[in-house]
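The values are calculated or read from the model by the stated rules, or taken from the named source; none is laboratory data. On a predicted model such as this, the values are computed, not experimentally measured, just so you know. FYI the Cβ positions are ideal-geometry reconstructions off the backbone, even for glycines, and counts take in every protein chain you see.
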Amino acid sequence: MFQNVKRVKSSEIELKDRLVSVERVTKVTKGGRAFSFAAIVVVGDEKGVVGYGLGKAKEVTDAVTKGIDDAKKNLVKVTVHKGTIPHEVEAKFGGAQVFLKPAAAGTGVIAGGAMRAVLESVGITDVLAKSKGSSNAHNVVKATIYALAQMRDAITIAQQRGIGLDKVFNG
């Protein structure tokens with residue numbers, strides 16, 4: 001789904017999971033209504049690794065378990081600099097649009113439900129965030145992870161350009 005993203009293996013790290021949302025889904029059949037559950041789960045090590053997953057099952061606990069297993073297959077490495085992000089970033093996925101801005105130490109995570117779960121799972125402690133457009137939890141989570149995956153720190157930029165770190169800031 002995301003190009004140029006650093007993938008991580010889940011066996012190497014200890015992950016904590018956060019349940020973003022559980023929805024009851026109804027399928028209407030000729031025999032009546034069939035109920036099932038869809039759970040969106042975010043996992044992260046709070047040190048720069050995050051992933052999301054979707055689990056569907058007849059029972060909530062089974063859906064959450066499936067979501068956690070799916071999330072462990074979609075892990076992404078994210079740049080975290082002193083508890084915040086290195087620069088402003090904006091991303092869009094489906095109808096959801098997110099905007100993330102670095103914040104001073106002590107500010108906290110200023111973000112709504114689905115975005116907060118992703119940002120806290122990554123290990124970001126200070127950030128200003130705004131969700132625009134659709135509030136669909138699926139798309140907000142995907143847009144947030146996409147925005148975090150787009151970020152680059154100064155060291156990475158210097159290596160990509162083949163120049164020294166001082167030249168990145170001084171031009």
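Within the bounds of the stretch 46-61, is there any residue that is in the same structural domain as Val127 (by TED's automatic domain parsing), out of contact with any strand residue (DSSP E or B) (no Cβ under 9 Å at 6 or more places or on another chain) and either part of a loop (DSSP other than H, G, I, E, B) or without any contact (Cβ under 8 Å) to a residue 40 or more places away in the chain (or both)? No, every residue in the stretch 46-61 fails to be in the same structural domain as Val127 (by TED's automatic domain parsing), out of contact with any strand residue (DSSP E or B) (no Cβ under 9 Å at 6 or more places or on another chain) and either part of a loop (DSSP other than H, G, I, E, B) or without any contact (Cβ under 8 Å) to a residue 40 or more places away in the chain (or both).
Going by the structure shown, is Val49 at pLDDT 95 or above and within 18 Å of Ala114 (Cα to Cα)? The answer is no for Val49. Selection over the stretch 102-122 of residues that are in contact (Cβ under 8 Å) with a residue 24 or more places away in the chain, surrounded by 15 or more Cβ atoms within 10 Å (Cβ to Cβ) and not in a loop (DSSP other than H, G, I, E, B) gives a count of 9. So in the stretch 62-101, with the set limited to residues that are in contact (Cβ under 8 Å) with a residue 60 or more places away in the chain and among the β-branched types (Val, Ile, Thr), which one is nearest to Val43 (Cα to Cα)? Among them, the one singled out is Val76.
For the stretch 126-161, how many residues meet the condition of being of a type in the set (S, T, N, Q), touching a strand residue (DSSP E or B) at 6+ places or on another chain (Cβ under 7 Å) and not in a helix (DSSP H, G or I)?
Result for the stretch 126-161: 3.
Scanning the stretch 15-43 for residues that are over 15 Å from Lys72 (Cα atoms), of a type outside the set (D, E, K, R) and outside any strand (DSSP E or B) turns up just one, Gly31. Being surrounded by fewer than 16 Cβ atoms within 10 Å (Cβ to Cβ) and either aliphatic (A, V, I, L, M) or within 17 Å of Ala137 (Cβ to Cβ) (or both): is that true of Lys66 here? Against the criterion (surrounded by fewer than 16 Cβ atoms within 10 Å (Cβ to Cβ) and either aliphatic (A, V, I, L, M) or within 17 Å of Ala137 (Cβ to Cβ) (or both)), Lys66 does not qualify.
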